[in-house]
Amino acid sequence: MASAIEIIEKKLKIKPSREHEIVYDSPSETLEPVYFWFLNFMNNLFDSNVEKITDNFSSSPGSGHFSEQSQKKTILQEQAMKTLGGINQVIRTIINIVYDLKDFEIRLKHYDAANSDNKEEKENGMLALKQIWMDNVDIKRGVGSINQMTQGNLQFVTLRDAFMAVKDVKAVDKLDLNDRVKRILKPRMVEFSTWVKLSEQELRKRFNIEKNYLKSQVNTLKLYSRWLKPYLKAATELEMSQNKKPELVTIFNTLVLQLTLLAKREIKVEEKLLSTELPKGIKKPKRKYYAVVLIDLNFVGIPQKPSGQHYAFGGRVDVVFKSYAMNEEELKLFNQELEKDEVNEVMKLIEGSTTESLDELQEDIDYFIGKGKKEEKKIVDTNPFNALFGLFKKKEKKKDDKENIEIKKIKKDSYSEGLVRKLANQESAGNCFTIFDVYKKAHGMAAHDNPYD
């Protein structure tokens, strides 16, 4: 995984305007006071516009800290797998319900056509229902069914055609048929008419029940997803980075930790023009520019656990201070590169096994759950995995949403932008030295003259 400094300097090719380094080695003191000193001071200096962009750790396999963290991770993974098993069961149920609803809807279209005012459509609907009745209901009579009597030894050749042609019981008498055929046809028409009414009622009732069941299963899936999300996130965060540093000897009791803080402040062009830091008459840049300070803490220590307490980490920390000038496009590209590195391979596999399979059915789910509610303008996202994996997926692009546009190439600075970048470099360099200088003075270390006085 590329570090934040590597992304800025190698991929974005932005050179630091200033850099410092402090090595603080104290086996008796812990890392927490060092980290929180920088965090609190930078929050005050940058108006709380500070974010943690890297938080990685690795322990020696032979250490007690490694064993304890592995046990915690295993418990979380087992719970996540149980929930994933429940999710897979619900997905299978949803698939079956969707296919049932499709079958019901096809059948109901025949009933809708049979009840239509359009003569041709009504006739087609009735013919379809008669065919269904003969194939599924009347066929159970065996030899006495219409199909068997037409084709068998009884030689009722005209029976099937007469049944398909007649509209109701009264119309049977008007047919040019012998009495034997009419006596068989009349009770079948009565039975068919009753079946049409009752089967339509039952089918519509079943269709509505299945739709409600589909809605409940999707809600269950959302609930399972909500339960799964914290376990997946915590288990991922407890995964140790693949670190090959020489400090991590298998049998030793050591830990390597990397923390990176990034603070930024926008350069207010209007204020700089009033204070004559920028020449008057220049064109205001279209892009925003920021003074950026990055502090990278690399810690190597010995985890110590007093009786009944949490682990404490004493050791050596290398603190690197760097300042940069970055425009808004460079910051977006920086965040994009960080997100690419942060997506865990395990999360990719889980996402592929769940969201991709469910997305195939998403259109059908939206159709059946949202049917009858077309007047609602607001569309509800019924896919629970969008919420679950929202942290790991790219946002959908919108035509008018500039925030979601993926940055691929950054344009060169114009003349006015170059002047603003120069100011951003000066400001970030001054802030970088201030943090470095104040920390040294606050901890009784030798200080330097401030080059910005």
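The values are calculated or read from the model by the stated rules, or taken from the named source; none is laboratory data. As the structure is a prediction and not an experimental result, all values here were calculated from the model. Neighbour counts run over all protein chains shown; Cβ positions are idealised from the backbone, glycine included.
Quick check: is even one residue across segment 14-25 under 18 Å from Val293 (Cα atoms), in contact (Cβ under 8 Å) with a residue 60 or more places away in the chain and assigned to a helix (DSSP H, G or I)?
Within segment 14-25, none of the residues are under 18 Å from Val293 (Cα atoms), in contact (Cβ under 8 Å) with a residue 60 or more places away in the chain and assigned to a helix (DSSP H, G or I).
Return only the number of the condition from (1) out of contact with any Gly (no Cβ under 7 Å at 6 or more places or on another chain); (2) more than 25 Å from Asn327 (Cβ to Cβ); (3) surrounded by fewer than 19 Cβ atoms within 10 Å (Cβ to Cβ); (4) modelled with pLDDT under 90 that Val34 does not satisfy.
(3)
Is at least one residue of segment 252-268 modelled with pLDDT under 75, surrounded by 15 or more Cβ atoms within 10 Å (Cβ to Cβ), of a type in the set (Val, Ile, Thr) and in contact with a strand residue (DSSP E or B) (Cβ under 9 Å, 6 or more places away or on another chain)?
yes
Since Ile209 meets every condition but one in (1) surrounded by 12 or more Cβ atoms within 10 Å (Cβ to Cβ); (2) in a helix (DSSP H, G or I); (3) out of contact with any Asp or Glu (no Cβ under 8 Å at 6 or more places or on another chain), which condition does it not meet?
That leaves (1) as the condition not met.
If I ask for residues that are under 16 Å from Glu105 (Cβ atoms) and surrounded by 17 or more Cβ atoms within 10 Å (Cβ to Cβ), which ones from segment 212-230 would you list?
Leu214
If only one of Lys374, Lys340 is basic (Lys, Arg), outside any loop (DSSP other than H, G, I, E, B) and modelled with pLDDT under 80, which one is it?
Details: Lys374 fails: outside any loop (DSSP other than H, G, I, E, B).
One residue alone meets the criteria, Lys340.
From Leu198, Leu185, grab the single residue that is farther than 18 Å from Tyr99 by Cα and loosely packed, with under 12 Cβ neighbours inside 10 Å.
Leu198
Exactly one of these conditions fails for Lys11: (1) surrounded by 12 or more Cβ atoms within 10 Å (Cβ to Cβ); (2) over 30 Å from the mean Cα position of the chain (by Cα); (3) of a type in the set (Lys, Arg). Give me its number.
Here Lys11 meets the rest and fails (2).
List, please: which pairs have Cβ atoms under 9 Å, are six or more places apart or on different chains, and start with a residue in segment 111-129 that is without any contact (Cβ under 8 Å) to a residue 60 or more places away in the chain and under 19 Å from Arg188 (Cβ atoms) and end with one that is buried (at least 17 other Cβ atoms within 10 Å of the Cβ) and aromatic (Phe, Trp, Tyr)?
Gly125/Tyr111
Please give the number of the condition Lys52 fails out of (1) of a type in the set (Lys, Arg); (2) loosely packed, with under 12 Cβ neighbours inside 10 Å; (3) within 19 Å of Arg421 (Cβ to Cβ).
So the condition that Lys52 fails would be (3).
In segment 432-452, what residues are in a helix (DSSP H, G or I) and not small (Gly, Ala, Ser)?
Cys432, Phe433, Thr434, Ile435, Phe436, Asp437, Val438, Tyr439, Lys440, Lys441 - these are the residues of segment 432-452 that are in a helix (DSSP H, G or I) and not small (Gly, Ala, Ser).
Can you give me the number of residues within segment 37-49 that are surrounded by fewer than 11 Cβ atoms within 10 Å (Cβ to Cβ) and free of Cβ contacts under 8 Å to residues at least 40 places away in the same chain?
Here is the first cut: in segment 37-49, the ones surrounded by fewer than 11 Cβ atoms within 10 Å (Cβ to Cβ) are 44, 47-48.
Right, trim to free of Cβ contacts under 8 Å to residues at least 40 places away in the same chain and you get 44, 48.
Residues that pass the stated criteria total 2.
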